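Report on the following structure.
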Amino acid sequence: MRWGVLIIATVVVAVSGSAARADNPTLTAIVGTGDGFNITLNDAAGKKLERLLPGTYTVVVDDRSAIHNFHLASNDDPTVDFRTDVAFVGQQTFTVTFKNNNVYAYACEPHWQVMNGSFFVTDAPVAPPPPPPPPPSPVRTLRAVVAAGGTVRLAASSVPHGRYRIVISDRSRTANFHLAGPGVNARTGMRFRGSKTLRVSLTTGSYRYGSDPAGLTKRLHVR
């Protein structure tokens, strides 16, 4: 037969008995449930194999279909090559030794293109998952007023760095609110009157604010 991912060797792994099943960790292969095109090789916890420690294992093949079979082999390790017959339905048990740093693959021979899987054998420690990203910084509120006469005031002259919503109450027909500094150039419209919220991220440094007609003459210190 011909597989797209394997060069099949001719050495069949010996069939085990009850002693081997008792001494070795057990892997379970399931193929063809309900004559479906399904195949898997699971560890003792019932989880599909992706990674396995090297060593000798008992592989119990639960072949549930007379139109499928289970065949396991490796391009890297020609000593591992075993299969059930396509017409066989039932369980067969094999004892197999998987070697370190090798990839092993399995498939249904008549339908290998859609019924296949593989796993890697290694004794290298599993790298811990990366730490979760830090939570986003809280969004603080900073209030600003544009008085009817055009005077601009902020509720604070010094704030910690971070994300802000600047809630502006603009009562002027002739002035606006304008904040400028590192990474920020936020303003309201000259003709706007009412309440408006600007969202900014403030970094450590000095920011200028005021209105466009009068100039940005005031300072906001970000620490």
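The values are calculated or read from the model by the stated rules, or taken from the named source; none is laboratory data. This one's a predicted model, so the numbers in the text were calculated from it and none came from an experiment. Ideal geometry is used to build each Cβ from the backbone, glycine not excepted, and the neighbour counts take in all protein chains shown. In case anyone asks, the SASA skips ligands and DNA or RNA and just uses the protein heavy atoms, side chains included. Shrake-Rupley method; radii C 1.70, N 1.55, O 1.52, S 1.80 Å.
For this structure, a couple of remarks:
- Filtered by the rule that a residue be farther than 16 Å from Thr197 by Cα, open to solvent by 10 Å² or more (accessible area, probe 1.4 Å) and assigned to a loop (DSSP other than H, G, I, E, B), the range 165-187 gives Arg173, Thr174, Pro182, Gly183.
- Some residue of the range 152-169 being among the polar types (S, T, N, Q), farther than 30 Å from Met190 by Cβ and touching a residue at least 12 places away in the same chain (Cβ under 8 Å): no
- Looking at the range 43-110, the strands (runs of 3 or more DSSP E) lying wholly inside it that each contain 2 or more residues that are buried (at least 19 other Cβ atoms within 10 Å of the Cβ), touching a residue at least 12 places away in the same chain (Cβ under 8 Å) and over 33 Å from the mean Cα position of the chain (by Cα) sit at 81-83, 90-98.
- Residue within the range 126-144 that is over 37 Å from the mean Cα position of the chain (by Cα) and under 19 Å from Gly215 (Cα atoms) present: yes
- Residues of the range 3-24 satisfying the condition of being over 13 Å from Leu72 (Cβ atoms), over 30 Å from the mean Cα position of the chain (by Cα) and either at pLDDT 95 or above or assigned to a loop (DSSP other than H, G, I, E, B) (or both): Ile7, Thr10, Ala14, Ser16, Gly17, Asn24
- Members of the range 96-155 found to be more than 30 Å from Arg219 (Cα to Cα) and of a type in the set (A, V, I, L, M), listed by number: Val96, Val103, Ala105, Ala107, Val114, Met115, Val121, Ala124, Val126, Ala127
- Residue in the range 132-155 that is loosely packed, with under 14 Cβ neighbours inside 10 Å, of a type outside the set (Gly, Ala, Ser) and within 26 Å of Asp23 (Cα to Cα) present: no
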